Amino acid sequence: MRQHVSTCTSDPAMAGNAAPPRPRRKRTKHPRLAVGDRVRFAEGTLAGTGVVDAVTSDYSIIWVWTDEGQGRRMFLQGYGSIVSALETGA
């Protein structure tokens, strides 16, 4: 009869000999914008202004209705897009 030999260790202290964790990618975080805020955006060669149409609860995705007829755009946090609030002055 064959016996099964396990190579897994039952000691959690010994289980930490795995590869070191990968460094996290530095992400640009979107500011906390609200629906209706006027914003300036830039992503690649696209740049302009618009109005925030929707945001996810964690602010990682922002939808903007752009000015100049560019339509509605989605901006993902950490993928090279920059969205910032426009100064509102009187």
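None of the figures in this text is laboratory data; all of them are computed from the coordinates on show. Remember, it's a predicted structure, so these values are computed and weren't measured experimentally. Cβ placement follows ideal geometry from the backbone for every residue including glycine, while neighbour counts extend to all protein chains displayed.
Annotations for the structure displayed:
- Evaluated at q = 0.14, 0.20, 0.21, 0.22 Å⁻¹, a Debye calculation over the C-alpha positions of the range 36-87 (equal weights, vacuum) places log10 I(q)/I(0) at -0.29, -0.60, -0.67, -0.73.
- Taking each residue as 0.36 nm, the span from Val35 to Trp63 lengthens on full extension beyond its C-alpha to C-alpha distance by 9.2 nm.
- At most 16 other Cβ within 10 Å, DSSP loop - chymotrypsin sites (Phe, Trp or Tyr not before Pro), the range 39-76: Tyr59
- Summing Lys and Arg as +1 and Asp and Glu as -1 over all other residues whose Cβ lies under 11 Å from the Cβ of Ser84 gives a net charge of 0.
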